[in-house]
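Since the structure comes first, as structure tokens, the remarks are kept for the end.
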Amino acid sequence: MILEVLTYPDKKLYQRSREIVKFDKNLHELLDDMYETMIAKEGIGLAAIQVGAPVRALIINLANEEGAQDKADLIEVINPEFLLKEGECVYQEGCLSVPGFYEEVKRAARVKLKFQDRFGEPREIDADGLLAIALQHENDHLDGHLFIERIGYNKRKKFDKEYKSKKSKKDKKDKTRSP
């Protein structure tokens, strides 16, 4: 089932998600619904809080060499904990919860993460490149943060101005439609 994606400035996006202790049918359904939602919204990652579930779960599905997102490449991460963050890189990020806005963000170039899979089994992953960026971006959601908090003062002011302008135009359009 495709779920609603919460968007900025929804206050739920700023809450810290709680650890998952039950690896049951409800969790599996949430993960499956998150996948359907992420694909429908043309994303490469999604944290549970973005669909209103304040639990420490995220998914990532990067495109393969052919440019397709193969479900066989889906990574489901439950209760992530970074063991290593090293190096530095800058990558242009976007977010399903901040639609239409992209900006460069500085993050660790390489990460090592321990987590559990959908069955509660312990796993580890070493990542660099886009996967490392996506893991950090989605984990930020679990801690109640959006990428726009990492873009620097001047770029954030620009974002706030653009957001208010878009919201103002939308509100005016909505008012002209109402009876």
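Derivation of every value follows stated rules applied to the coordinates shown; laboratory data play no part. Treat the numbers as computed from the prediction; the structure is a model and nothing was measured. Here the Cβ is made from the backbone with ideal geometry for all residues, glycine too, and neighbour counts use every protein chain on show.
Couple of notes before you dig in:
- For the residue pairs Lys12/Lys164; Lys25/Lys71; Lys106/Lys158; Lys71/Lys106, the C-alpha atoms sit more than 26 angstrom apart in Lys71/Lys106.
- Straight-distance candidates among the aspartates and glutamates for linking to Lys85, with alpha-carbon spacing under 17 Å and chain neighbours fewer than 8 residues away dropped: Glu124, Asp126, Asp128, Glu138, Asp140, Asp143.
- The range 1-129: C-alpha gyration tensor shape, a/c 1.5 cut-off, then a/b vs b/c: rounded
- Relative contact order of the chain, pairs being alpha-carbon contacts under 8 Å that are 6 or more residues apart, as %: 22
- Within the chain: Cβ-based charge dipole about Cα centre, in debye rounded to nearest 20 (Lys, Arg +1; Asp, Glu -1): 1460
- For Glu103, net neighbour charge (Lys/Arg +1, Asp/Glu -1) across residues whose Cβ lies under 13 Å away: +2
- DSSP-loop chymotrypsin sites (Phe, Trp or Tyr not before Pro) across the range 86-154, with at most 11 other Cβ within 10 angstrom: Phe119
- Note: relative contact order over the range 5-108, using C-alpha pairs below 8 Å and six or more positions apart, is 25 percent.
- Between the residues Tyr14, Ala63, Met34, the greatest Cα displacement towards the positive end of the dipole of the chain, with unit charges on the Cβ of Lys, Arg, Asp and Glu, is found for Tyr14.
- For the chain, the longest principal axis of the Cα atoms and the long axis of helix 25-40 meet at an angle of about 50 degrees.
- Summary of the geometry: the range 26-42 and the range 47-111, compared by the centres of their Cα atoms, lie 14 Å apart.
- For the range 42-136, applying the loop criterion from DSSP together with a ceiling of 14 other beta carbons within 10 Å to the GluC sites (Glu not before Pro) yields Glu42, Glu65, Glu66, Glu88.
- Simple rule: put +1 on each Lys or Arg Cβ and -1 on each Asp or Glu Cβ in the range 109-163, find the dipole, and look at Phe159, Leu113, Gly144; the Cα lying farthest toward the positive end is Phe159.
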